[in-house]
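Notes for the one structure printed next.
Laboratory data are not the source of any read-out in this text; all were calculated from the coordinates shown. Since the structure is predicted, the reported quantities are computational estimates derived from the model, not experimental observations. Don't worry about glycine lacking a Cβ; one is built from the backbone with ideal geometry, like all the others, and counts go over all protein chains shown.
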Amino acid sequence: MSQEFVHVAQTSDLESGAKKRVYVGDQRVLLAKVGGVFYALDDLCPHAFAVMSAGWLDGEEIMCPLHGARFNVKTGEVLSLPAEDDLTVFDVKIEDGKVLVRLPEA
């Protein structure tokens, strides 16, 4: 049984190059818009559980506000230490101006 997509924002809520925290149920999610495309990732850094939506978005990279680890927002791939694990990336789709996010199976 697959998880359902959940409406988290309107497409007009974010300019390209912006980010914000949204929720899918109880799960905090980082929503970023890069090059006009929306991406959704885990909002907690896997290194020290800092809030990624409080970090800095620079192009395709998000930087953790606590220790400066960088991640690719498109793939979740860790790009610099001290983090060693990737961020989880969630499925995103756009329907009728709504941004919808689906969490992976538990």
The lone condition SER80 fails out of (1) in contact (Cβ under 8 Å) with a residue 60 or more places away in the chain; (2) more than 17 Å from LEU31 (Cβ to Cβ) is (1)
Could you grab the pairs with beta carbons closer than 6 Å, sequence gap of 6+ or different chains, first residue in region 2-15 and under 17 Å from GLY36 (Cα atoms) and in contact (Cβ under 8 Å) with a residue 12 or more places away in the chain, second one of a type outside the set (A, V, I, L, M) and assigned to a strand (DSSP E or B)? LEU14/LYS33
Just to be sure, is VAL73 surrounded by 15 or more Cβ atoms within 10 Å (Cβ to Cβ), without any contact (Cβ under 8 Å) to a residue 60 or more places away in the chain and either within 19 Å of ARG102 (Cβ to Cβ) or basic (Lys, Arg) (or both)? yes
Only unsatisfied item for ALA83, checking (1) closer than 16 Å to GLY17 by Cα; (2) surrounded by 14 or more Cβ atoms within 10 Å (Cβ to Cβ); (3) in contact with a Lys or Arg (Cβ under 9 Å, 6 or more places away or on another chain), is (1)
Applying the selection to region 41-80, what residues are more than 17 Å from VAL22 (Cα to Cα) and of a type in the set (Phe, Trp, Tyr)? PHE71
Scan region 28-42 for residues that are surrounded by 22 or more Cβ atoms within 10 Å (Cβ to Cβ) and either without any contact (Cβ under 8 Å) to a residue 24 or more places away in the chain or among the β-branched types (Val, Ile, Thr) (or both) and jot them down. VAL29
Those strands (runs of 3 or more DSSP E) lying entirely in region 8-106 with at least 1 residues in contact with an Asp or Glu (Cβ under 8 Å, 6 or more places away or on another chain) and of a type in the set (Lys, Arg): 18-24, 27-34, 70-72, 98-102
